[in-house]
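Take a look at the structure below.
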Amino acid sequence: MAITNSAPHEFDVVGHFLGCDYARITAFQPRRSDALVAPISMVLETTGGLLTTVEINNNAAYGYDMRAELVDEAGSLATNPVAYTRRDAGLATANRYDSDWRDRYAEASRQQNKAFLAFVRSGHFPAKAADAWDGLAAALVAEAGVVVLREGHKVAVSRTEQPAFFAAKGGK
């Protein structure tokens, strides 16, 4: 479930920011008696020769924790966790985590819904929006990731040519 339900969001966002597709994926999961809930670490190679890592832990007991960092030879750029409060006491600092994803993405969901309604009213696909092609691309990476966990070796990501239908409807 971590690869097919949670990770496609990361596959899509990272691919969007890097501007390239994935070529291969390797995935690792610790051997545990409860391996169905263990974290999964993935290394993805892009068609542009870049490496990305994606880590998914759907059962982090400490709360919802989403972060990203882009690192290259010139520096790094990291997202900051949304923390509305911080406690400083006893020579330590503590931030509270959300229990799930809903609070973090509430405003993004509202903006997405507004853009969808504008599309329905106008018929014009938003310039900055994911489409069914993006969903298919992320699903193909997830499918390859599931094969990796089952078979234990690096797997090529299936690729297919983008049908003209997507380009005609505002796709990439």
(message) Tell me yes or no: at least one residue of region 94-106 is within 22 Å of A2 (Cα to Cα) and out of contact with any strand residue (DSSP E or B) (no Cβ under 9 Å at 6 or more places or on another chain).
(response) yes
(message) Going through A94, A132, A118, A138 one at a time, which residue ends up being surrounded by 10 or more Cβ atoms within 10 Å (Cβ to Cβ), within 27 Å of Y22 (Cα to Cα) and free of Cβ contacts under 8 Å to residues at least 60 places away in the same chain?
(response) A132
(message) Of all residues being of a type in the set (A, V, I, L, M, F, W, C) and closer than 20 Å to A156 by Cα in region 36-53, which is surrounded by the fewest Cβ atoms within 10 Å (Cβ to Cβ)? Just the residue, please.
(response) L51
(request) Filter region 139-164 down to the residues that are in a loop (DSSP other than H, G, I, E, B) and not small (G, A, S), then identify the one that is farthest from V13 (Cα to Cα). (result) H153
(request) Scan region 138-151 for residues that are at pLDDT 90 or above, out of contact with any Phe, Trp or Tyr (no Cβ under 6 Å at 6 or more places or on another chain) and either among the aliphatic types (A, V, I, L, M) or more than 30 Å from R24 (Cα to Cα) (or both) and jot them down. (result) A139, L140, A142, A144, V146, V147, V148
(request) Answer with yes or no whether A83 is farther than 28 Å from I25 by Cβ, modelled with pLDDT under 90 and either loosely packed, with under 10 Cβ neighbours inside 10 Å or of a type in the set (G, A, S) (or both). (result) yes
(request) Tell me, please, whether a residue that is surrounded by fewer than 11 Cβ atoms within 10 Å (Cβ to Cβ), free of Cβ contacts under 8 Å to residues at least 12 places away in the same chain and not hydroxyl-bearing (S, T, Y) can be found in region 54-65. (result) yes
(message) So if I check each of G49, G19, which one is modelled with pLDDT of 90 or more and over 13 Å from the mean Cα position of the chain (by Cα)?
(response) G49
(request) Return the residue satisfying two criteria in turn: it lies in region 107-138 and is part of a loop (DSSP other than H, G, I, E, B), hydrophobic (A, V, I, L, M, F, W, C) and more than 17 Å from the chain's Cα centre (by Cα), and of such residues it is farthest from Y64 (Cα to Cα). (result) F125
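The values are calculated or read from the model by the stated rules, or taken from the named source; none is laboratory data. Every value quoted in this text rests on a predicted model; they were computed, and no experiment measured them. Using ideal geometry, Cβ is built from the backbone for each residue, glycine included, and neighbour counts are taken over all protein chains shown.
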